[in-house]
Amino acid sequence: MRICIGSDHAGFDLKEAVKAHLLSLGHEVEDAGTHDPGASVDYPDYGNLVGSNVLAGLGDLGIVICGTGIGISIAANKVRGVRAALCTDPYMARMARAHNNANVLAMGGRVVGVGLALEIVDAFLTTPFEGGRHGLRVEKIESQI
Ligand code: RB5
């Protein structure tokens with residue numbers, strides 16, 4: 001798979017850990033930054049960038065990380081067609097894919113440790129969308145302005 005990834009400074013360390021994990025699994029990674037953990041940056045820029053990259057087809061799925069995961073998930077969700085899900089455990093990640101067809105995973109670098117984050121990533125990447133009644137609901141989301 002090809003994964004679009006991005007974070008602000010608060011999510012940088014976890015982004016690097018997730019990126020290394022993805023590469024070790026044989027995935028390709030499109031890293032939108034930030035690349036400098038020492039510089040304070042604005043999470044909306046990276047949420048928007050990763051969301052736009054996924055929608056543009058630069059990746060199959062996206063992963064966004066800030067301090068809490070909240071701000072960057074809100075920003076990613078402003079991109080029409082993005083369904084970003086903030087997950088703090090693997091169950092949420094599985095359900096985000098299975099029921100919501102989430103195309104972007106959001107996490108908080110100040111909330112989850114690396115071990116848990118990688119389990120969340122694995123659950124997100126390996127769970128397919130169930131479709132059916134869930135498909136109708138996702139279509140309803142997409143029809144809302
Ligand atoms: C940055 O300090 C922090 O506000 C940001 O990473 C994020 O947690 C916002 O939602």
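Condition check for THR68 on (1) within 18 Å of VAL112 (Cβ to Cβ); (2) part of a helix (DSSP H, G or I); (3) within 10 Å of the ligand (Cβ to nearest atom); (4) of a type outside the set (Phe, Trp, Tyr): one failure, at (2). If only residues of segment 112-134 that are in contact with a strand residue (DSSP E or B) (Cβ under 9 Å, 6 or more places away or on another chain) and in contact (Cβ under 8 Å) with a residue 40 or more places away in the chain are counted, the one that is farthest from ILE70 (Cα to Cα) is LEU125. If you filter segment 2-44 down to residues that are assigned to a loop (DSSP other than H, G, I, E, B) and under 14 Å from the mean Cα position of the chain (by Cα), you find that the one that is surrounded by the most Cβ atoms within 10 Å (Cβ to Cβ) is ASP8.
Taking the options GLY59, GLY47, name whichever one is crowded, with 22+ Cβ neighbours inside 10 Å, out of contact with any His (no Cβ under 9 Å at 6 or more places or on another chain), outside any helix (DSSP H, G or I) and modelled with pLDDT of 95 or more. GLY59 is the lone residue from the list that is crowded, with 22+ Cβ neighbours inside 10 Å, out of contact with any His (no Cβ under 9 Å at 6 or more places or on another chain), outside any helix (DSSP H, G or I) and modelled with pLDDT of 95 or more.
When segment 77-98 is filtered for residues that are part of a loop (DSSP other than H, G, I, E, B) and within 11 Å of the chain's Cα centre (by Cα), the ones remaining, listed by number, are VAL82, ARG83, CYS87.
Tell me whether segment 105-114 contains one or more residues that are of a type in the set (A, V, I, L, M), surrounded by fewer than 17 Cβ atoms within 10 Å (Cβ to Cβ), under 27 Å from GLU139 (Cβ atoms) and more than 16 Å from the ligand (Cβ to nearest atom). So that I can check it myself, show each step before the final result.
Start the filter on segment 105-114 by keeping residues that are of a type in the set (A, V, I, L, M), which leaves 105-107, 111-112, 114.
Those left that are additionally surrounded by fewer than 17 Cβ atoms within 10 Å (Cβ to Cβ): 114.
Next cut, under 27 Å from GLU139 (Cβ atoms) only: none.
There is no residue in segment 105-114 that is of a type in the set (A, V, I, L, M), surrounded by fewer than 17 Cβ atoms within 10 Å (Cβ to Cβ), under 27 Å from GLU139 (Cβ atoms) and more than 16 Å from the ligand (Cβ to nearest atom).
The values are calculated or read from the model by the stated rules, or taken from the named source; none is laboratory data. This one's a predicted model, so the numbers in the text were calculated from it and none came from an experiment. A quick note on method: Cβ atoms are made from the backbone with ideal geometry, for glycine too, and the neighbour counts reach across all protein chains shown.
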